[in-house]
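Colleague: Following this message is one structure expressed as structure tokens.
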Ligand code: ADP
């Protein structure tokens, strides 16, 4: 059963429940019907018996010696499908109606005993073993004495026939109703589950490697919601697979460039004997490329460990105003070669909870970029202000800038703008990804404002440890 399809199971469950309900319903219907019919017959027998008893009293208790007297006494009974008998107090028949004249239906001991104590008795018997009849034995008393026992009877054949017909109809109709309902459920379940087959088919295609597959759905029901959740999940998977592919391609490309340079320079140096200075130059250039490769590998390692949640970030109070002043001192050295001056703008006292070492690394990365992408003799300005419950650290330069379209990508791994590649070849494209990770690990965020050709301002927002009022 557990291997059967939901459609089969639903149909079987529904069918079994329906069969059970039908059995209960038809049994109850049969019982209620037969009870009601019997009650009706008993009531009419009782009415007839009472009417007869009244007539007997009017005749001062008989005796009825002639059938004509009887017919006259009970004209209403003669019209009905009833027969009646009058027994003496000893139980012997003294008179009976014409429709039973030739037959004998003796008084039962139970009815006689009950009559002696003044009680009426209902009995069901089979006349001549086949005709079902219902009998009412009704005592007729004069004072304390039992004068007669009046028995009124009627055939139950029509009732029995009616009940047989009912059973027949129920026995034929119920299985037909169950079969028709099960067919309906089979059809409806098939319709309701059709989207599930579509999901399975799509999932199979996706499993076979085609991540572009989506489930076509417009309905908003449970299955529709499942399908759109499934589609969202596949879209995210597709995006991350694409990212991974792009990432591997970018990583190998970025590592291959310095390797090609090292190989080329080494081959060139070895092609013919050279002066010690030329070897030295070649080795120095190779060392530079090795350094760059080293940086890429280290940064990649950092990011992959960050992805795995292996990087621990301390949570100590950090005085950002002191930190920014120290970074400015280091930036003076960074900008010396290109004569880029780094100054301090407005610096407000601000304290955050975090990892001083990582925050310094993030800030230095931004200052390094600002110096790198500044023009010769440009300026970089660092500032720190409080805005509400956030500390805003800004690094502003007047360098090459970033176009609005590219601003959305610069935090992606290995992404470098064309202007940056033309301006400075040896970047890794990983620094800003690391900055973003550090800012977010401190429950903050990083944002950029920039105009191409005019300069950029990177701002890090971090939650303050103390509110500005304190
Ligand atoms: P890179 O090693 O290339 O600087 P980053 O991840 O630090 O890598 O920066 C990614 C890209 O963002 C850079 O290649 C450059 O295109 C752009 N960028 C970052 N900082 C600046 C800046 N101050 N001015 C202009 N472009 C910048």
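Colleague: Spot the failing condition for residue 330; the list is (1) buried (at least 16 other Cβ atoms within 10 Å of the Cβ); (2) out of contact with any strand residue (DSSP E or B) (no Cβ under 7 Å at 6 or more places or on another chain); (3) over 23 Å from residue 415 (Cβ atoms), and only one is missed.
Modeller: Just one mismatch for residue 330, condition (1).
Colleague: Right, residue 323: outside any strand (DSSP E or B), in contact with a helix residue (DSSP H, G or I) (Cβ under 7 Å, 6 or more places away or on another chain) and within 16 Å of the ligand (Cβ to nearest atom) or not?
Modeller: No, not satisfied.
Colleague: What's the number of the only condition in (1) under 17 Å from residue 38 (Cβ atoms); (2) touching a residue at least 12 places away in the same chain (Cβ under 8 Å) that residue 126 fails to meet?
Modeller: (2)
Colleague: Sticking with this one: Can you find even one residue in the range 348-370 that is within 16 Å of the ligand (Cβ to nearest atom) and over 21 Å from residue 434 (Cα atoms)?
Modeller: For the range 348-370, residues within 16 Å of the ligand (Cβ to nearest atom) and over 21 Å from residue 434 (Cα atoms): absent.
Colleague: Residue by residue through the range 338-349, note down the ones that are part of a loop (DSSP other than H, G, I, E, B) and closer than 12 Å to residue 325 by Cβ.
Modeller: Taking the range 338-349 first, the residues part of a loop (DSSP other than H, G, I, E, B) are 338-340, 348-349.
Selection gives 349 alone.
Colleague: Also, quick follow-up: Looking only at the range 430-467, which residues are more than 21 Å from residue 355 (Cα to Cα) and surrounded by fewer than 20 Cβ atoms within 10 Å (Cβ to Cβ)?
Modeller: First, pick out the residues of the range 430-467 that are more than 21 Å from residue 355 (Cα to Cα): 448-457.
Answer for the range 430-467, where residues must be more than 21 Å from residue 355 (Cα to Cα) and surrounded by fewer than 20 Cβ atoms within 10 Å (Cβ to Cβ): 448, 449, 451, 452, 453, 454, 457.
Colleague: Hey, another quick one. For residue 437, only one of the following conditions fails: (1) touching a residue at least 40 places away in the same chain (Cβ under 8 Å); (2) near the ligand (Cβ under 10 Å from one of its atoms); (3) under 37 Å from the mean Cα position of the chain (by Cα). What is its number?
Modeller: Failed condition: (2).
Colleague: Mind counting the residues in the range 85-104 that are modelled with pLDDT of 80 or more and part of a loop (DSSP other than H, G, I, E, B)?
Modeller: 5
Colleague: Here's a check for you: in the range 398-417, which residue that is assigned to a helix (DSSP H, G or I) and more than 8 Å from the ligand (Cβ to nearest atom) is farthest from residue 242 (Cα to Cα)?
Modeller: Pass one, the range 398-417, residues assigned to a helix (DSSP H, G or I): 404-407.
Pick out the ones that are also more than 8 Å from the ligand (Cβ to nearest atom) and you get 404-405, 407.
Values: 404: 23, 405: 20, 407: 20 Å.
Per the criteria, the residue is 404.
Colleague: What about residue 427, is it within 7 Å of the ligand (Cβ to nearest atom), outside the structural domain of residue 252 (by TED's automatic domain parsing) and either assigned to a strand (DSSP E or B) or touching a residue at least 40 places away in the same chain (Cβ under 8 Å) (or both)?
Modeller: Details: within 7 Å of the ligand (Cβ to nearest atom): yes; outside the structural domain of residue 252 (by TED's automatic domain parsing): yes; either assigned to a strand (DSSP E or B) or touching a residue at least 40 places away in the same chain (Cβ under 8 Å) (or both): yes.
Yes: the conditions hold for residue 427.
Colleague: Does any residue of the range 275-296 turn out to be part of a helix (DSSP H, G or I), in the same structural domain as residue 381 (by TED's automatic domain parsing), closer than 23 Å to residue 435 by Cα and touching a residue at least 24 places away in the same chain (Cβ under 8 Å)?
Modeller: No.
Colleague: Which residues, counting only those in the range 138-161, are assigned to a helix (DSSP H, G or I) and out of contact with any helix residue (DSSP H, G or I) (no Cβ under 7 Å at 6 or more places or on another chain)?
Modeller: Across the range 138-161, the qualifying residues are 157, 158, 160, 161.
Colleague: Applying the selection to the range 190-209, what residues are under 19 Å from residue 236 (Cβ atoms) and surrounded by 11 or more Cβ atoms within 10 Å (Cβ to Cβ)?
Modeller: 199, 202, 203, 205, 206
To keep it simple, each residue is scored yes or no on (1) within 60 Å of the chain's Cα centre (by Cα); (2) modelled with pLDDT under 85; (3) farther than 21 Å from residue 103 by Cβ.
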residue	(1), (2), (3)
46	no, no, yes
57	no, yes, yes
62	no, yes, yes
72	no, yes, yes
77	no, yes, no
80	no, yes, no
83	no, yes, no
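The values are calculated or read from the model by the stated rules, or taken from the named source; none is laboratory data. Values in this document were obtained by computation on a predicted structure and should not be read as measured data. All Cβ positions, glycine included, derive from the backbone under ideal geometry; neighbour counts span all protein chains shown.
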